[in-house]
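Student: Structure provided below as C-alpha cells; questions to follow.
The values are calculated or read from the model by the stated rules, or taken from the named source; none is laboratory data. Because the structure is a prediction, the values reported are computed rather than measured. So basically every Cβ, Gly included, is an ideal-geometry build from the backbone, and we count neighbours across all protein chains shown.
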Amino acid sequence: MTMDRATLADFLRRSRERLQPQQVDLPAGPRRRTPGLRREELAQLAGVSADYVMRLEQARSSQPSTQLLAALARALRLTEDERDHLYLLAGHRPPEGPRAGHHIRPALIYLLDRLGDTPAQLITDLGDLLAQNSLAEALFGCVCTIEEQDRNIVWRWFTDPRVRAAYPPDDHDHLSRVRVADLRAAATHRGYDRPATALIERLEAASAEFTALWNRHEVAVRRNHHVRVVHPTVGLVEFDFEILQTQASDQRLRLFTPRPGSAGVEALELLRALGPETAHRSHR
C-alpha cells in the first residue's frame, strides 16, 4: 500500500483542529489563537515529538509506524472509521475489527429467518457452524445432535463420511483442498491464536488426508464458487455459493442460491414444502 502524504497531512491537521483541549483534559488557556489542539499538545498526548507532528502535517515525514498511528488515533479521539482512514492514508492495513466468537447478534438471527427462499448459514472464520435457517437445515440436515465442539465444517468434512456423502465423489478432492486452504488463511489472519491452533492440531491427529493437504501450504479465502449438493430426497442440486462478511471480523454468512430457471429452484421449493423435519427423516 502507498502512503498518501498530502491527504494524510490534511486529515491530521483537521482532526487536531476539531479536537478541543477540554475534550482531552487540557486547559484551554486565555490566549489561544489556534483552533483545537496545538501541535505541541497533540505530540504530548501521542508521546512523539512536536517536530515530527509538524513534519507529518507538512507532508514531509517518513512513513509512520502502526504503533505511532495507534498513538495518534488515541490522542485525537478518532472513531473506528476515522482510525481505519488514518491507517490507509499512511499506507498500512487497518487493525482487525472486533470479534464476536460464538455470540450471534439478534439482527443476524432475524436475517437468517427472513431468508426463507435461500439456504443460509452463519459460520465463524474457522468454520464453526453457529446457526442456519430452516431451508439450510432441510438441505444439509440438523446439527442439534452433534456436540458443539464438533460443529465445524472442516472437522466434519475430514471425520464424518456422512458429510461427504452429500457431495458428488468427483468433487471431494477439490472441496478438501478448498477447505484446508481457507482454514490456512483464517489461521494466519488470526496469528495462529489458541482456537485456530487447537483446531489444526485436532485435525492433524484425526486425519492423514488433512495433514497431507495442510503440509502443501495452499492458501485461498473462500468467497464464492459453484457447488453441487446431493440430497437424498431431491437429488443433485447445483448452487452458486457466496460468503458475505458480517460486522464481526470472525463471522461469515453463507448463501446457497440456485441459478434462475435451473432445477435447483424447483428442488428448493420442494424442500421448503417438505420442511426440515421431513428432510431429516430422509437423511436418517
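Student: Please identify the pairs in which a residue from segment 47-73 that is in contact (Cβ under 8 Å) with a residue 24 or more places away in the chain has its Cβ atom under 8 Å from the Cβ atom of a residue that is surrounded by fewer than 14 Cβ atoms within 10 Å (Cβ to Cβ) and of a type in the set (A, V, I, L, M), counting only partners at least 6 apart or on another chain.
Tutor: Ala59/Ala6
Student: Among the numbered criteria (1) within 25 Å of His226 (Cβ to Cβ); (2) within 23 Å of the chain's Cα centre (by Cα), which one does Pro195 miss?
Tutor: (1)
Student: Here is a list of conditions, (1) in contact (Cβ under 8 Å) with a residue 24 or more places away in the chain; (2) part of a helix (DSSP H, G or I); (3) in the same structural domain as Arg177 (by TED's automatic domain parsing), and Ala131 meets all of them except one; can you say which number that is?
Tutor: Of (1) in contact (Cβ under 8 Å) with a residue 24 or more places away in the chain; (2) part of a helix (DSSP H, G or I); (3) in the same structural domain as Arg177 (by TED's automatic domain parsing), only one is false for Ala131: (2).
Conditions (1) modelled with pLDDT of 90 or more; (2) in contact with a Cys (Cβ under 8 Å, 6 or more places away or on another chain); (3) farther than 23 Å from Trp155 by Cβ, marked per residue:
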position	(1), (2), (3)
Ala185	yes, no, no
Thr197	yes, no, no
Gln245	no, no, no
Leu268	yes, no, yes
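Student: Here are Thr159, Thr145: which of them is over 23 Å from the mean Cα position of the chain (by Cα) and surrounded by fewer than 15 Cβ atoms within 10 Å (Cβ to Cβ)?
Tutor: Thr145
Let's see how each residue does on (1) in contact with a His (Cβ under 6 Å, 6 or more places away or on another chain); (2) surrounded by 12 or more Cβ atoms within 10 Å (Cβ to Cβ); (3) part of a helix (DSSP H, G or I):
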| site | (1), (2), (3) |
| --- | --- |
| Ser62 | no, no, no |
| Ala71 | no, yes, yes |
| Arg77 | no, yes, no |
| Arg83 | no, yes, yes |
| Gly91 | no, yes, no |
| Pro94 | no, yes, no |
| Pro98 | no, no, no |
| Leu112 | no, yes, yes |
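Student: Against the conditions (1) in contact with a helix residue (DSSP H, G or I) (Cβ under 7 Å, 6 or more places away or on another chain); (2) exposed (fewer than 14 other Cβ atoms within 10 Å of the Cβ), where does Pro169 fall short? Just the number, please.
Tutor: Failing condition for Pro169: (1).
Student: Which of the strands (runs of 3 or more DSSP E) found entirely inside segment 204-284 contain at least 1 residues meeting this: loosely packed, with under 12 Cβ neighbours inside 10 Å?
Tutor: Working: elements: 224-231, 235-245, 251-257.
Answer list for segment 204-284: 224-231, 235-245.
Residues checked against (1) modelled with pLDDT of 90 or more; (2) more than 23 Å from Arg177 (Cβ to Cβ):
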| site | (1), (2) |
| --- | --- |
| Ala205 | yes, no |
| Gly235 | yes, yes |
| Ala279 | no, yes |
| Ser282 | no, yes |
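Student: Give all pairs with beta carbons closer than 6 Å in which a residue from segment 144-156 that is under 16 Å from Arg177 (Cα atoms) and in the same structural domain as Arg252 (by TED's automatic domain parsing) meets a residue that is of a type in the set (Phe, Trp, Tyr) and surrounded by fewer than 18 Cβ atoms within 10 Å (Cβ to Cβ); count only pairs at least 6 apart in sequence or on separate chains.
Tutor: none
Student: Right, next: Quick one: Thr118 ticks every box in (1) within 30 Å of Arg151 (Cα to Cα); (2) surrounded by 14 or more Cβ atoms within 10 Å (Cβ to Cβ); (3) touching a Lys or Arg at 6+ places or on another chain (Cβ under 8 Å) bar one, so which box is it?
Tutor: For Thr118, the failing item is (3).
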